[in-house]
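Just passing along the structure, written as structure tokens.
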Amino acid sequence: MISCLQLDSYLQQLLEQNSKLETTENLEGTIVWKGGGGDERWSNPLNWWGKRVPLPGERVVFDGRSIGDAVVDCEVTVKSLEISSEYIGTVTSWPAGCLRARKTILIRGGVVNARLQALGDVVLAGGVVNGSLEAGGNVAIASGNIHCYLSANGDVIIENGELVWYGGKIKGDVLLSGGNIFLAGCYYFEGDFQRTGGKISGTPSFYFIGNRPQTFNAGADKINLWDFSVLTSRFGSELNLNGQVNVCGCFCNTGTVKVLDGAVLEIAAEGSRYYNMGTIIASSTAKVIRQKLLVAVSESEDVSLRASAIKGFAPPLSSPL
């Protein structure tokens, strides 16, 4: 788990580990897209320097020597994929399928219209990415224009850029310090959601499904959610809430929600629904607003709000992903 204080150094470390494009021509096992083979097909050997298609154990590079667009017309697995800022073409994997990397993906330029999968880390530091992105490790977004569904087994670190995030499942932490992010779907978090900067728009649904205590730091300004749920396969999860959260649709809690000092949890929109099968604990300076009713707490003690389960209500206890 990465703290917000480590964000800048961690992102820089990922960039340094994954950006050695200037020496690629001297690396054994590196294949560079050439283009100019009479078509744009990945499967055409004439489109590659060395006149052969990359093997699964090789590193693939698109850089300033790469001409034109590339169409992934077959199932592709490579060791790693790197697209430099000098590449000005488009890499497209539709409708052939997925472009997989056994290790890392680094994108600094170009346009990528694809379903991307990496067993390791993914670093986005420029360019345009449209489609879906799945990482076995961490995802670091330093810049770029991204429109995608995004899931990761590690952390998601967003420092800057324009991101339209269509939903996904994150097993690590989400660390947001900058950028403009539009949230447009359902998000399943097993770790923390920590926001120290950046602008968030949209009305997403957040599901906290971790099996350890989690933190939801909404940041300096209000986050509007459609659904907000604290759920696990076993009741008893805990979520610590910082900042202001407004729930427009459904609030569901099967564990313990701790509304910390100065935080506001508002579930007062017309038509909003409230299902509390657990406990809400508000600190002395917190506010819980439900159906136009302000639930206040004294300075000397916390308060627990409970509601019995509503017959017939069956919230999703796990991600469908």
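The values are calculated or read from the model by the stated rules, or taken from the named source; none is laboratory data. What you are looking at is a predicted structure, and each value in this text was computed from that prediction instead of being measured. Cβ sites come from the backbone with ideal geometry, for glycine too, and all protein chains shown count toward neighbours.
What are the residue pairs meeting all of these: first residue in the stretch 124-153, first residue closer than 17 Å to R108 by Cβ, second residue part of a strand (DSSP E or B) and among the charged types (D, E, K, R), Cβ atoms under 6 Å, and 6 or more apart or on different chains?
N145/E162
Can you tell me which residue in the stretch 214-233 is modelled with the highest pLDDT, limited to those that are closer than 15 Å to Y187 by Cα and not in a strand (DSSP E or B)?
A218
Is it the case that T104 is farther than 15 Å from H147 by Cβ and among the hydroxyl-bearing types (S, T, Y)?
Taking the combined requirement at face value, the residue satisfies it.
Being touching a Lys or Arg at 6+ places or on another chain (Cβ under 6 Å) and either of a type in the set (G, A, S) or not in a strand (DSSP E or B) (or both) is the requirement here; does G172 meet it?
Here the answer is no, as G172 does not meet what is asked.
Then there is this: For the stretch 164-177, which positions are of a type outside the set (D, E, K, R) and either in contact (Cβ under 8 Å) with a residue 60 or more places away in the chain or under 15 Å from R108 (Cα atoms) (or both)?
Listed by number, the residues that qualify are G168, G172, L175, S177.
Identify, please: which residue in the stretch 78-98 is assigned to a loop (DSSP other than H, G, I, E, B) and closer than 17 Å to G35 by Cβ and is, among those, modelled with the lowest pLDDT?
S93
Let me ask something else about it. Do you know which residues across the stretch 61-77 are touching a residue at least 40 places away in the same chain (Cβ under 8 Å), among the aliphatic types (A, V, I, L, M) and in a strand (DSSP E or B)?
V61
Here is a further query. Identify, from the list E266, E270, the residue that is among the acidic types (D, E), out of contact with any Pro (no Cβ under 6 Å at 6 or more places or on another chain) and assigned to a loop (DSSP other than H, G, I, E, B).
Going through E266, E270 in turn, just one is among the acidic types (D, E), out of contact with any Pro (no Cβ under 6 Å at 6 or more places or on another chain) and assigned to a loop (DSSP other than H, G, I, E, B): E270.
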